[in-house]
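Here the structure comes first, spelled out in structure tokens, and everything after it is commentary.
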Amino acid sequence: MMILQSLRLKPMHGYALAKHIKHVSDDLLQIEEGSLYPALQRMLIKGWVTAKWSTTAGNRRARYYQLTAAGRKQLLVEMSQFERVIGAITRVIRAV
């Protein structure tokens, strides 16, 4: 969900995605390469993102990922499920 949401903003390469999530979460959330790239590969297979090779600002070759229409639709599904889980957790915590 965080990857899809981040890619909603603009296409990014893996390192930029990880850096973006870490920054936006005030350094609380870190995505390791061992989790990020397999997740991106699964999203490619499912058609939620596309990828193309390009050059970074630092003149390095990197694969840039972009959200697709199917990815936007999946993001809505993921957000809805997340909100349901957060609501359930909140109800349990507040229960007396």
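Figures for the structure shown
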quantity	calculated
Test for Q74: is it closer than 25 Å to V85 by Cα and in contact (Cβ under 8 Å) with a residue 24 or more places away in the chain	yes
Options L44, L40, L7, L75; residue that is in contact with a helix residue (DSSP H, G or I) (Cβ under 6 Å, 6 or more places away or on another chain), modelled with pLDDT of 95 or more and either of a type in the set (V, I, T) or surrounded by 10 or more Cβ atoms within 10 Å (Cβ to Cβ) (or both)	L75
Qualifying positions in the range 16-37 - in a helix (DSSP H, G or I), at pLDDT 95 or above and open to solvent by 100 Å² or more (accessible area, probe 1.4 Å)	K19, H23
Selection within the range 44-66 - over 15 Å from H20 (Cβ atoms) and more than 20 Å from the chain's Cα centre (by Cα)	T55, G58, N59, R60, R61
Tally of residues being at pLDDT 95 or above, more than 13 Å from G14 (Cα to Cα), open to solvent by 60 Å² or more (accessible area, probe 1.4 Å) and of a type outside the set (K, R) across the range 51-72	1
Every residue from the range 11-30 that is more than 17 Å from Y64 (Cβ to Cβ) and of a type outside the set (D, E)	K22, H23, V24, S25, L28, L29, Q30
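The values are calculated or read from the model by the stated rules, or taken from the named source; none is laboratory data. Remember, predicted model here, so these are calculated numbers, not experimental data. Methodologically, a virtual Cβ is constructed for each residue, glycine included, from the backbone with ideal geometry; neighbour enumeration extends over all protein chains shown. Calculation scope for accessible area: heavy atoms of the full protein, side chains included, ligands and nucleic acids excluded. Shrake-Rupley method; radii C 1.70, N 1.55, O 1.52, S 1.80 Å.
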